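Read-outs throughout are calculated quantities, based only on the coordinates presented, and are distinct from any laboratory measurement. None of the values given here were measured: they were computed from a predicted structure. As a convention, Cβ positions derive from the backbone with ideal geometry for all residues, glycine included, and neighbour counts pool all protein chains shown.
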């Protein structure tokens, strides 16, 4: 019979025990053998990741790698099938060549995560037709633009030439997305009708302003722009404005810059404009066919699709009904904590009256002016700076990557979310970015400013993602991977952690923290309500208005997000609750030996993982002896 040991010897190419000194069959492998076997596994993972980079120019760019810098990903179904088959072959190869029992603990974790990643890829492929490609949150028509603006750096003439090639290729890339979306529509998957009222204007915004519109006017604008000493004037489209700015910053002869601008101008007019016209025409046609029901239950096999989404987003087997009930219980709990703050500030009235007070008192809002928006961004940056000074007392490992706070760009602020984070480049060429959407300052009350900043910045997403990318000795598929329940659960956990770290000195800011936690609890209720219990959109909006502060416009925008991102909103509180549960379990198990820095370093020290694996890591840490982290071991920040 072929034993696992024999497979290991044959597949991994290990030397016979008489030559290598390996332990005999059936005995425990020696430490050096485990290390050597794991090193070979890590080399295998590196091969696989390099393969992925070679097949995904956009992944390469996001990592700061210039390979394929002039190309877009192939998003056809043929390529998706090839990628899945390649992943299956690589998984089979890993299982054939490597045996978990002969790996280090970290090697065993990588083995399991590689298996989990492929299982997730199989689910994504299975439900590929159910994806909304052109919605207002993650639509490819907007994602392609933000990719060029934020990730395609122009530091040389070659980079600028690659930018032009990507503008030329953006047309075919979008037309490929259109073809895939038409296939989804043919399978009975259309976005709810209201979503098109976001998507169509969003697409039009991208091709509004120079060099689009009247050809004569555009040509005149271009001639004026490239004249000696000229500066941009008039309304510019997002891509043209970005390209002009990046070319202007180049250290190159004026004639070369003019040639680049001419090429970019032509690419926008000849490739980008017709592609967006095709996108808009498709969206208008689909809107006429779309229905008014909102939940994914209305789609073919909608119940199975939503079950798959919940499992992928939460990394648990919780049912929709269980998640709904958890949400109801958490809403009640948070309402009680809010009432305690009402008592603290001597407010007379019920919770609904307190909500109204917080919504209407002008002291809690910056004005909806350029100055007010700038002050909000400055205050958010100041909150992050102050929090950063407190990190060494709670974390042994600190991120090296820089963090910036920015307002969402005007061209996408109408459809973008309230706040979000973009990861830094691994090579340090791009900082992590916390984006706050200042399109409506009423949606960004100052009493929520701290909690939002801590969630998106530090100790939240920036800390977790930057640390993961900076881990040494960890395969890149883990450093750059992600699990929503882990990452969003961490962000929500950090909103509460910040209170322990001395934040929210103003009770109204602490109330703001609870408001954001309440929003995540409400998401459990309304997401499952919409997609499982078949709530109409207005019922979900009404539930929000009855249970949290905020106006109907913001409630509607929140619900519209949950409709096009089914299941995603449930990950936040499910993840946070599990991290809190594991922390309390560890505190009780370790007693006086409990060290908050050790706990946090354990949670962050392996990159993003499913919640069950996180639980295993914390349990293993509980039994370890106390090993204090000295300041000398703390990484330097930059």
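Available extension along the chain between residue 371 and residue 413 is 13.4 nm, counting 0.36 nm per residue and deducting the alpha carbon span.
In this calculation the C-beta distance from residue 329 to residue 501 is compared with R0 = 35 Å, giving a FRET efficiency of 0.85. A compact globular protein would have a Cα radius of gyration near 2.2 N^0.38 Å; the ratio found for the range 491-638 is 1.28. Counting helices only, and only those DSSP H runs with n ≥ 4, report the 222 nm mean residue ellipticity of the chain as the sum of -39,500 (n - 2.57) divided by its residues, in deg cm²/dmol to the nearest 500. Mean residue ellipticity at 222 nm (helix-derived): -20000 deg cm²/dmol. With Cα atoms as the point set, the range 380-517 shows a radius of gyration and Dmax of 14.8, 46 Å. Within the range 393-417, name every residue whose backbone N is under 19 Å away from a label modeled 7 Å from Cα of residue 472 along the Cβ vector. It comes to 396-402, nothing else.
With the cut-off at under 15 Å, measuring from each backbone N in the range 545-580 to a point 7 Å along the Cα-to-Cβ line of residue 197 picks out 552-561. In angstrom, the C-alpha Rg and Dmax of the chain are 26.1, 83. Our summary of shape: the Cα atoms of the range 140-292 have principal axis extents of 54, 29, 21 Å, ordered from largest down, in whole angstrom.
Label separation (residue 80 vs residue 378): 4.7 nm, computed from points 7 Å beyond Cα along the C-beta direction. When you restrict to C-alpha pairs under 8 Å that are six or more residues apart and normalise by the size of the chain, the relative contact order lands at 15 percent. FRET efficiency for the residue 347 to residue 321 pair, using the beta carbon distance and R₀ = 25 Å, is estimated at 0.10. Using the Cβ-Cβ distance between residue 155 and residue 400 with R0 = 22 Å, the FRET efficiency computed as 1/(1 + (r/R0)^6) comes to roughly 0.55. Arranged from fewest to most other beta-carbon atoms within 10 Å of their beta carbon, 242, 592 become 592, 242.
When 493, 543 are arranged by Cβ crowding within 10 Å, least crowded first, meaning fewest neighbours, the order is 543, 493. Pairs of alpha carbons in the range 257-323 separated by more than 19 Å make up 63% of all such pairs.
Label-to-label distance, residue 307 versus residue 35, with points set 7 angstrom from Cα along the beta-carbon direction: 4.7 nm.
Spin-label model, residue 581/residue 553: points 7 Å from Cα along the beta carbon direction are separated by 4.0 nm. Its alpha carbons give the range 74-168 an Rg and a Dmax of 18.7, 52 Å. Taking 0.36 nm per residue of separation and subtracting the current Cα-Cα distance, fully stretching the chain between residue 256 and residue 179 would add 24.0 nm. The slack in the chain from residue 288 to residue 589, taken as 0.36 nm per residue of separation less the alpha-carbon distance, amounts to 102.4 nm. Expressed as a whole percent, the proportion of Cα-Cα pairs in the range 305-576 lying more than 30 Å apart is 28%.
With neighbours defined as other Cβ atoms within 10 Å of a residue's Cβ, the residues 208, 78 order from fewest to most as 78, 208.
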